[in-house]
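> Once you've had a glance at the structure underneath, I'll fire off some questions.
The values are calculated or read from the model by the stated rules, or taken from the named source; none is laboratory data. Keep in mind it's a predicted model, so treat the numbers as computed, not measured. Note that we place each Cβ from the backbone using ideal geometry, even for glycine, and neighbour counts take in every protein chain shown. Ligands, DNA and RNA are excluded from the accessible area calculation, which covers all protein heavy atoms including side chains. Shrake-Rupley method; radii C 1.70, N 1.55, O 1.52, S 1.80 Å.
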Amino acid sequence: MFAKKAVVVAMLLGLVGAAQADPLTVYGKINVTAQSSDDGAGRFSELKSNASRFGVKGDYKLEDDLTLIYQLEWEVDLTDEANEKNIKAREQFIGLTGSFGTLKAGRTDTALKMSQGKMDLFNDYEGDIRTLWKGENRMSNTLAYITPKFAGFSLMVTHIMEDSEKGQDGQSVALMYGDDSLKDSPIFASVSMDNDVNGYDSSRLFVQGKVAGIKLGAGLQQQEVMTGGTKEDGYLLNAAYPLKKFELKAQYQTLEDHDGYSLGADYKIGKETKLFAWYSTFDFYNKADTDYLAVGIEHKF
């Protein structure tokens, strides 16, 4: 009797899954490094959780070729004390997708932030491009729209609501071409702009492609603070080279008189698991220089 019930339940779950696409997916990643760090005040050792996260997401088929989508994601700090605030919200939204494109409402990454694709080879580490460049924003009270792809191009628009009578609306727009994984297209490129987002007007241009198996990328940034009108310019160059189970990578970034570079290597020990090591250093003209040396492990689920 129990076996028959189990078969019936499995069949019903299969039917529900077929009707509702993928209604619930649990996912995440754990990324932890042991580091020798000098943040400008002196050298010390530390254990860091680099944007480790968990979340749930899903989609439900609706009528008229519409699909409801949602995502609830949180960052968790594995290395913090138990009584600290070591869980915080990341992207969380609900939306609709169809032939018209995708519309999302909630807390989302801006179009300018999304326009980097996978350009940042040291994303979430000390060498993250946010160390020098403004624009890596995840904003609350947002409406985001992404067009369908046409001839490889897609447009993304983010509107940030003012949220109070003293607030200020902001907009972020990005035009993107190709596949940021470089699997379906030989290059990935984007141009993007922020208007009054988190106190800055910013614009970016990115291009990335492969030459003789080496992934090469370049970027330009201009940013202007809203309160003072000071403009700053910078550029980025990077390269990644796969070598059997290794990936060797390097990245150089500037902003006016600031600059920094990062060197690293990843080693895959499973489909969703890797060991890695990296070194990052930054020179600042108006504050103490920094440098970091780290080894770590990452597992995705």
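> Kindly provide the helix-only [θ] at 222 nm of the chain, computed as the sum of -39,500 (n - 2.57) over DSSP H runs of four or more divided by all residues, to the nearest 500 deg cm²/dmol?
Calculated from helices alone, the mean residue ellipticity at 222 nm is -2500 deg cm²/dmol.
> Distance from the Cα centre of segment 258-284 to that of segment 146-161, in angstrom?
31
> What chymotrypsin sites (Phe, Trp or Tyr not before Pro) does segment 54-135 have in DSSP loop regions with at most 16 other beta carbons within 10 Å?
Phe100
> Okay, next question. Would you mind checking the tilt of helix 2-20 against the longest principal axis of the Cα atoms of the chain, expressed as 0 to 90 degrees and rounded to 10?
Taking Cα atoms only, the helix is inclined about 60 degrees.
> Read phi for every residue in segment 113-125 and hand back ³J(HN,Hα) as whole Hz from Karplus 6.51 cos²θ - 1.76 cosθ + 1.60, θ = phi - 60°, with x for Gly and Pro.
Once θ is set to phi - 60°, the couplings for segment 113-125 become 5, 5, 5, 6, x, 10, 5, 6, 6, 10, 4, 6, 9 Hz.
> Still on this structure, I have one more. Would you work out what percent of the accessible area of segment 94-203, with all protein chains in place, is carbon or sulfur (probe 1.4 Å)?
56
> Let me ask something else about it. Out of the trypsin sites (Lys or Arg not before Pro) in segment 137-211, which ones are loop residues according to DSSP with at most 10 other C-beta atoms within 10 Å?
Here the trypsin sites (Lys or Arg not before Pro) that fit, given the DSSP loop and packing criteria, are Lys166, Lys183.
> Another question about this same structure. Solvent-accessible area per residue for the chain at a 1.4 Å probe radius, Å²?
Heavy-atom accessible area per residue stands at 56 Å².
> Identify the GluC sites (Glu not before Pro) of segment 59-155 meeting these criteria: DSSP loop state and at most 14 other C-beta atoms within 10 Å of the C-beta.
The qualifying sites are Glu63, Glu81, Glu84.
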